[in-house]
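Please treat every number below as a calculation from the coordinates, not as lab data. Here the structure is a predicted model, which is why all the values come from computation and not from measurement. Ideal geometry is used to build each Cβ from the backbone, glycine not excepted, and the neighbour counts take in all protein chains shown.
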Amino acid sequence: MSLRQVLLVYLDSGAAAGYDIVKGFQRTYGYLWNASYQQIYRDLGKLLEDGLVDCETKANGRRPARKVYRINPRGRAAMHQWLATPVRLPHVNDAFLVKLAAVHLLDRDAFIAELHEHQKAYRAVLVDLRRNLAFFDALPRAFLQRKAYGIYLTLKRGIQVVDTWLEWAEEVEAFLLNVPLEAPTQEEVAMFNRLLMSDQVPL
């Protein structure tokens, strides 16, 4: 899966100018798919080159002209083909977790400061997610269930993920503040790796 498929799904809800797509994408799918403004504009250009979207330039008063993108039949067919294809389990590449695994090699105070920055960022994300959830909660129930419940469920999942991370971060901080750390010896590393590879449970 790539950003292209996510953009096609987003554009299926209606045509929009490039700037509005960027802002709307961040609002609607930002918690599901991480993409910068540059990446969104780049992939819109690729979708246009590949003939999956159409683009119309519209006057915008004294401001620069607006490029309005619209999914076309070819793009909609590509979108449905992707939607019908089973997705693989997501892979986790989390540099922060790698640092935590090697915390005995780090400056503890610096890592705690980094943890606090992550907590601050996740709390800000949580505020946005809950604001969005409140919007969906205010929708007529019939409309929500028939037209937007998938988005509603993804929002709830996003909130669960962030809530769980913040709860876990409290345990991490307690560990960092209260448990003395020291690097293992080469012999201990060798023993650990030997047990890990053999699937033996240490007694």
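Rounded to the nearest 500, the helix-only mean residue ellipticity at 222 nm of the chain stands at -20500 deg cm²/dmol, with each DSSP H run of n ≥ 4 adding -39,500 (n - 2.57). On the beta carbon distance between GLU173 and LEU105, with R0 = 30 Å, the FRET formula returns roughly 0.95. Mind pulling the angle between the C-alpha long axis of helix 18-29 and the longest principal axis of the chain? Nearest 10 degrees, somewhere in 0 to 90. Roughly 50 degrees between the two axes. The candidate values were (i) -1.01, -1.37; (ii) -0.77, -1.43; (iii) -0.85, -1.24; the one computed from these coordinates for log10 I(q)/I(0) by the Debye sum over Cα atoms at q = 0.14, 0.19 Å⁻¹ carries the label (i). The distance between label points at ASP12 and HIS116 comes to 4.6 nm (points 7 Å beyond Cα on the Cα→Cβ vector). Projecting the Cα atoms of GLN5, LEU32, CYS55 onto the dipole axis of the chain, where Lys and Arg carry +1 and Asp and Glu carry -1 at the beta carbon, places CYS55 farthest toward the positive end.
Sequence-distant contacts, meaning Cα pairs under 8 Å at least 6 residues apart, place the relative contact order of the chain at 18 percent. Rounded to the nearest 10 degrees, the angle from helix 149-178 to the longest Cα principal axis of the chain is 20 degrees.
Contact order, relative form, for segment 95-198: 39 percent (alpha carbon pairs under 8 Å, 6 or more residues apart, mean separation divided by residue count).
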